[in-house]
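Coordinate-derived values only; no laboratory data. Predicted model, so just to flag it, every value in this text is computed and none were measured. Glycine also receives a Cβ, built like all others from the backbone with ideal geometry; neighbour counts cover every protein chain displayed.
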Amino acid sequence: MKTLLFALLTIFSLHTYSQEYIPDEIIVDGITYEYRYHHMEYYFKYHTARRPVVPQDSTVVGRNYVATFRIDKDRMMLHDLRIKTHAAANDYTLSVLPKIINNENEKFLNWINGLFYVGIGEKLEQSVNEWDIEYTDYLVFEVKKGIVVRKDYFNNYQMKAFKDYQYERFHRTADYQKLFQRLKKQTHMSDWQIESHILKNIIYYSKKNMLK
C-alpha cells in the first residue's frame with residue numbers, strides 16, 4: 001500500500017519535474033495498453049536483489065524498467081519486464097524476465113489485490129499530463145489474490161459517474177478517514193488537495209467495486 005501511495009503522490013506532482021514518466025503495460029484480450037499501476041515496485045520492495053536496475057531515486061518515475069502484465073483466464077500474470085539497451089537509450093527492448101523470475105508459477109501475481117483500471121479506447125485531446133489521461137473507453141477490474149473477480153466496461157461519461165459513485169460511498173467509510181489522516185501526516189497537501197487527490201485516484205483507493 002505504501003509503495004503505491006508514494007507512486008500516486010509522485011506522479012500526482014509530475015508536472016513540477018522534468019523527468020519523463022514511462023507507464024507500464026497490460027495485455028487484455030491480446031491487445032497491449034498503457035498501464036499506470038506499478039505492481040512490480042511492491043514485488044521489488046521484498047525482493048531487492050532481483051531488481052534489474054537500481055534507480056537513482058526511489059520513485060516509479062525513475063524505476064528504469066517497463067513491466068508488461070497480462071490478464072490470462074482472469075489471472076494477473078507478469079508477461080515481461082524490459083530495460084533499456086543502454087543508459088542513453090529510451091527504448092525499453094531488452095527483456096530481463098528470465099533473470100528475475102524463471103519459475104512459471106511465480107509469474108502468477110497472487111499477491112495483487114484491489115481495484116484498477118486501464119484505458120482501452122482512444123486518448124482524448126484534453127488530457128493534460130501522462131498520469132491524468134482521459135480515454136473514450138475504460139476497463140475497470142477488481143482483483144483478489146491475483147484473480148480478476150469482476151470486470152466492468154465504461155465509456156468516458158460512465159467512468160466519471162462511476163468515480164463519483166465510488167467516492168460518495170467510500171467517503172462514508174472509516175477507511176476514508178484513516179486514509180485522509182495518513183495523507184495529512186505524510187504530505188504537505190491542504191484538506192482540499194487531499195480530497196481532490198483521493199477523488200482523482202478513487203478507483204485505486206476504494207479497493208473494491210461498490211456497484212450493486
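Among 111-117, 21-27, how do they line up from the highest to the lowest mean number of other beta-carbon atoms within 10 Å?
Numbers: 111-117: 17.9, 21-27: 19.4.
Top to bottom by mean Cβ count within 10 Å: 21-27, 111-117.
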Counting other Cβ atoms within 10 Å, which trypsin sites (Lys or Arg not before Pro) in region 172-210 have at most 10 and lie in a DSSP loop? 172
Spatial extent of region 61-173: Rg and Dmax, with the Cα atoms as the point set, Å: 16.9, 49
Note on region 87-212: contact order normalised by length, alpha-carbon pairs under 8 Å, 6 or more apart, percent, works out to 23
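For the cross-link pairs 99/178; 107/185; 84/160; 73/163; 160/185, which exceed 31 Å when the distance is taken from alpha carbon to alpha carbon? Display every interim value, and only then the final one.
Working: 99/178 39 Å; 107/185 36 Å; 84/160 36 Å; 73/163 27 Å; 160/185 29 Å.
From 99/178; 107/185; 84/160; 73/163; 160/185, over 31 Å: 99/178; 107/185; 84/160.
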Two-site label geometry, residue 46 and residue 173: point separation in nm, points 7 Å out along Cα→Cβ: 2.1
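On a full-extension model of 0.36 nm per residue, what is the gain between residue 106 and residue 156, subtracting their alpha-carbon distance, rounded to one decimal in nm?
Gain on stretching residue 106 to residue 156: 14.5 nm.
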What distance in nm separates the simple spin-label points at residue 147 and residue 185, each placed 7 Å from Cα in the Cβ direction? 3.5
